[in-house]
1. Within the range 388-409, does at least one residue satisfy the condition of being part of a helix (DSSP H, G or I), of a type outside the set (Lys, Arg), more than 19 Å from the chain's Cα centre (by Cα) and in the same structural domain as Leu222 (by TED's automatic domain parsing)?
2. Suppose the filter is in a loop (DSSP other than H, G, I, E, B), in the same structural domain as Ile333 (by TED's automatic domain parsing) and in contact with a His (Cβ under 6 Å, 6 or more places away or on another chain); does Pro273 pass it?
3. Does Ile333 satisfy the criteria of being out of contact with any Asp or Glu (no Cβ under 7 Å at 6 or more places or on another chain) and assigned to a helix (DSSP H, G or I)?
4. Got a sec? Which of Val155, Val140, Val170 is modelled with pLDDT of 95 or more, buried (at least 17 other Cβ atoms within 10 Å of the Cβ), closer than 19 Å to Tyr78 by Cβ and assigned by TED's automatic domain parsing to the domain that holds Tyr38?
5. Criterion first (at pLDDT 95 or above, under 17 Å from Ile226 (Cα atoms), buried (at least 18 other Cβ atoms within 10 Å of the Cβ) and not assigned by TED's automatic domain parsing to the domain that holds Ala76) does Lys437 satisfy it?
6. Hey, Glu412 hits all of (1) under 30 Å from Gly196 (Cα atoms); (2) surrounded by 20 or more Cβ atoms within 10 Å (Cβ to Cβ) but one; which does it fall short on?
7. Which members of the range 148-159 meet the condition of being more than 17 Å from Ala80 (Cβ to Cβ) and part of a helix (DSSP H, G or I)?
8. Within the range 148-159, is even one residue of a type in the set (D, E, K, R), free of Cβ contacts under 8 Å to residues at least 40 places away in the same chain, farther than 29 Å from Asn357 by Cα and in contact with a Leu (Cβ under 9 Å, 6 or more places away or on another chain)?
Amino acid sequence: MNFNFLRKIPLLVIGILMVLPTACNDDNEAPDTQASTYSSEVVKRWLEVQTSMLYVATGNPFGFNPSRYMAYCGVALYEAVLPGMPEYQTLHGQLAAMPAMPTAEAGEDYHWPSSANAVLAAMTQKFYSPITAAYNEQAVINLENELNTQYRAEVGDVVFERSVAFGKEVADLIFEWAKTDNAGWPSAYTIPAGNGIWKSETGAAPVNPYWGFNRLLVPGSLENAISPPLTYSTDPASPYYVNMNEVYKVSKELTHEQKLIAKYFNDSNPGYPAGAHYVVTLKDVIGQFEPDLAKAAFTYAKLGITMLDASTGSFKAKYEHWTERPFSYIRSIIDPAADPVWKPFLTTPGFPDFPSNHAIFSSSVAHVLSGIYGSNVPFTDTSYDGIMADVGNGPENLGTRQYASFDAMVDEVSMSRLYGGIHYRYSCDEGKKQGEKTAQNIEAKVKFLR
């Protein structure tokens, strides 16, 4: 008998083992350790919970915190799944004073949706729970438990617990870091005197005069970003007068569509106040483009970092220049004899005019999203779909806003402030430039890819 076939048995065994499933740490099949193999459903679900908390019917309990929420939640999510993103690198050493992150156990399996669920649940509780009027503790508990039950069943106890512990450790470190970002705020402010200086329409103190003193997440993100304001003048031929007079003229002939646009981005009460609108934009992007988990975490982090520094830069400029709002110039110079006095379509916010917050926020957001998803891709803003508002013909659904590109969204957002009578064109145009430049600076300084 020929026994030569026995010599081939070891090779046959090796070949069979190579095609069998990898041994796992539990009774269930081990998960793939690449974050890009998972959907972004966990991110989408948490953004739905967070945005539901950010919508307020009356009042504004958040101040300007939503941009902070987005930034630190995004960085935490990114770092919590980073070991499953081998082409990306940590933001430690790139963001100001950011602590070193924990290291995943070498050779061990992780389930990155479980880590993402743990970190976003923890960050939502840490950031939103102090805002008792808006915080829905049960919604947070329900979503965390629902996804935990699903994920534990999918990957087994060992991998699940390891993944959750990693996410929670990241959340604790990021939250402690976040506590130190406005430690250098001054204790007082002085409103300068002179023509063209901001006045409160209601007599109230200025809102958030210290926000511009927040620690920038990216040192140097505002380099060459802030423009000078227009020079005050009462000469009808001057750029200052021309800009203010345009607001006055437009207010007299507002179309229904212009009123609808102004109301859509009013972001007051009811609505998504103080930059929270762009958290909804992030939710819409995740829902419409359906990135994988790695790309969603990258998007969340980069968008949040950019938004926070952009909002800091916006208020830094506002309270360096203290420029007046259109209402005060129009009432005192353009139409002082009006009875009743001229009023803008929207209620004027309680802080200086130049530059426009919304122009800065939207342009910084658009720069990031265009770089990730494309500069000429259609996008739909669903922020106020189903929300009823009266724009002159009785209550109507504010609906959705559809754009051919993210830049087209910026143009409409910026003009919405002129339609509302609360900003003049130069403030909007220069705001767009400041937001874009801030985003460009951050892109040049922070490297996500290895």
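1. Of all residues in the range 388-409, those part of a helix (DSSP H, G or I) come to 406-409.
Checking which are of a type outside the set (Lys, Arg) leaves us with 406-409.
If we keep only those that are more than 19 Å from the chain's Cα centre (by Cα) too, we end up with none.
No: the range 388-409 contains no residue that is part of a helix (DSSP H, G or I), of a type outside the set (Lys, Arg), more than 19 Å from the chain's Cα centre (by Cα) and in the same structural domain as Leu222 (by TED's automatic domain parsing).
2. Details: in a loop (DSSP other than H, G, I, E, B): yes; in the same structural domain as Ile333 (by TED's automatic domain parsing): yes; in contact with a His (Cβ under 6 Å, 6 or more places away or on another chain): no.
So Pro273 does not fit the description; no.
3. On the way: out of contact with any Asp or Glu (no Cβ under 7 Å at 6 or more places or on another chain): yes; assigned to a helix (DSSP H, G or I): yes.
Yes; evaluated as a whole, the condition is true for this residue.
4. Details: Val155 fails: closer than 19 Å to Tyr78 by Cβ; Val140 fails: closer than 19 Å to Tyr78 by Cβ.
From the options Val155, Val140, Val170, the qualifying one is Val170.
5. Numbers: at pLDDT 95 or above: yes; under 17 Å from Ile226 (Cα atoms): yes; buried (at least 18 other Cβ atoms within 10 Å of the Cβ): yes; not assigned by TED's automatic domain parsing to the domain that holds Ala76: yes.
Against the criterion (at pLDDT 95 or above, under 17 Å from Ile226 (Cα atoms), buried (at least 18 other Cβ atoms within 10 Å of the Cβ) and not assigned by TED's automatic domain parsing to the domain that holds Ala76), Lys437 qualifies.
6. Going through (1) under 30 Å from Gly196 (Cα atoms); (2) surrounded by 20 or more Cβ atoms within 10 Å (Cβ to Cβ) one by one, Glu412 breaks only (2).
7. Going residue by residue through the range 148-159, those that are more than 17 Å from Ala80 (Cβ to Cβ) are 149-150, 152-154, 156-158.
If the condition is that a residue be more than 17 Å from Ala80 (Cβ to Cβ) and part of a helix (DSSP H, G or I), then Thr149, Gln150, Arg152, Ala153, Glu154, Asp157, Val158 are the ones that fit.
8. Start the filter on the range 148-159 by keeping residues that are of a type in the set (D, E, K, R), which leaves 152, 154, 157.
Next cut, free of Cβ contacts under 8 Å to residues at least 40 places away in the same chain only: 152.
With farther than 29 Å from Asn357 by Cα added as a condition, the list becomes 152.
After this cut, where a residue has to be in contact with a Leu (Cβ under 9 Å, 6 or more places away or on another chain) as well, the list is none.
Scanning the range 148-159, I find no residue that is of a type in the set (D, E, K, R), free of Cβ contacts under 8 Å to residues at least 40 places away in the same chain, farther than 29 Å from Asn357 by Cα and in contact with a Leu (Cβ under 9 Å, 6 or more places away or on another chain), so the answer is no.
The values are calculated or read from the model by the stated rules, or taken from the named source; none is laboratory data. If you're wondering where the values come from, they're calculated on a predicted model, not measured in any experiment. All Cβ positions, glycine included, derive from the backbone under ideal geometry; neighbour counts span all protein chains shown.
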